[in-house]
Amino acid sequence: MAVSYLVALFCASAGKNGEELGSDEEQVILFVYLLYDVTNNKVVALQQHYVKPQPNELSETVLTEECKTETGLDENMIKNGQPLDHVLEEFDRFLYSKGVHPDHGGKSFCFVSDGPNHIRQCFHPETCNKNINLPAYFNKYYDLRKEFKKYYKTDVIKNIKAMLDYLGLEGDQSVEYGVRQCQEMASIVHRLINDGHVFGESDIVSERLEPGICSKNEFVDDNSVVRARGLPWQSSDQDIARFFKGLNISKGGVALCLSPQGRRNGEALVRFESEEHRDLAIRRHKHHIGQRYIEVYKATGKDFINVAGGSNTEAQAFLSRGGQVIIRMRGLPFTATTQQVYTSLQVF
Ligand SMILES: *[C@@H]1O[C@H](CO)[C@@H](O)[C@H](O)[C@H]1NC(C)=O
């Protein structure tokens, strides 16, 4: 079913923007959105919000010089902004008032944004860190660059400016940075629809880590794996998935490394569903879990198999029956019976 509304979404952070948006863990300070009516091929409304960063224990968030030059924003605008959760609530009310809220019998809408960074590298990780509940409609979006490449069969597109140039369109004259970006996305969308493009399948953000087992003989793409180091020793695979929130990890794609003594050593291998996601994961190098920073490096398919690869089919069968947890018990007496093991587990 074709989508009837699009929402062009744009955010800026207090640190890096553009290609490196989100890579320095800086908070979102600007959120702009534009509602587009696909059926009538026209802009319906546009809103801009300044977002007030949450005070940090260590330092007050200040805009970097790089950010000020790029965005034209200053500290005063941000100080008068609303916290992120309020801005998201306001956005939700906006959808409702326009009749496009998915939970209120609204017509369908889907986000469109310039590349994956805004949604995958900003909204998902930041709301996860701040314990803000991000509505499910943030799990779907169109990447305008991908749509553009698909339709015009070109490979040179890397940002909004390049798309405008390709189509011979003028840049927008708005003074405000985010407004300009949204208006320019709208004129590209307008042209795409005019030329006959249909927005079909969208990009989807996976919501949770699915359990799965990897066999020793499985092929694992070298461009899909990272090694994370410096993890708190008690981290579970779900904690690690949380660190990579916004990216699609493969089924059973988190393998915790063990030392030769069988203890966790603060390392894990993580397998993603595509090279694009692996590359986004690498940009989270030195991001934090609590006070610790986590190192993220490229790794190979073989590295993953070495830790995650199993050769027994019993575990596979167990998971396929809907089992969620497998434990390993060590130091059992040689004489232990199945019944004794079972009884010893009853205490849990
Ligand atoms: C991400 O995960 C979702 C849900 O699991 C899936 O539908 C989608 O195809 C995945 N996208 C990519 C790029 O792997």
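The numbers here are math on the coordinates, done by the rules we state, and not lab data. Since the structure is predicted, the reported quantities are computational estimates derived from the model, not experimental observations. Glycine gets a Cβ as well: all are built from the backbone with ideal geometry, and neighbour counts include every protein chain shown.
The antiparallel fraction among DSSP beta bridges confined to the chain stands at about 80%. DSSP finds beta bridges in the stretch 5-204, and of those with both partners inside it, around 70 percent are antiparallel. Karplus-derived 3J(HN,Hα) values for the stretch 109-125, using 6.51 cos²θ - 1.76 cosθ + 1.60 with θ = phi - 60°, are 9, 9, 5, 9, 8, 7, x, x, 4, 4, 7, 6, 9, 10, 4, 5, x Hz; glycine and proline are entered as x.
Classify the chain from the C-alpha gyration tensor, please: rounded if a/c falls under 1.5, else prolate or oblate depending on whether a/b exceeds b/c. Prolate, since a/c reaches 1.5 and a/b exceeds b/c.
Going from the fewest other Cβ atoms within 10 Å to the most, the residues 335, 300 appear in the order 335, 300. By the count of other C-beta atoms within 10 Å, a proxy for reagent exposure, 278, 330, 264 are ordered fewest to most as 330, 264, 278. Footprinting exposure proxy ranking of 213, 327, fewest other C-beta atoms within 10 angstrom first, gives 327, 213. If you take all other residues with their beta carbon under 15 Å from the beta carbon of residue 267, and give Lys and Arg +1 and Asp and Glu -1, the sum is +3.
Taking all Cα pairs closer than 8 Å and separated by 6 or more residues, the relative contact order of the chain comes to 16 percent. Within the stretch 62-209, how many Lys pairs that are eight or more residues apart, or on different chains, come under 14 Å at the alpha-carbon? Value for the stretch 62-209: 4. Of all aspartates and glutamates in the structure, the ones whose alpha carbon falls short of 14 Å from that of residue 16, not counting any fewer than 8 places away in one chain, are 24, 25, 26, 65, 66, 70.
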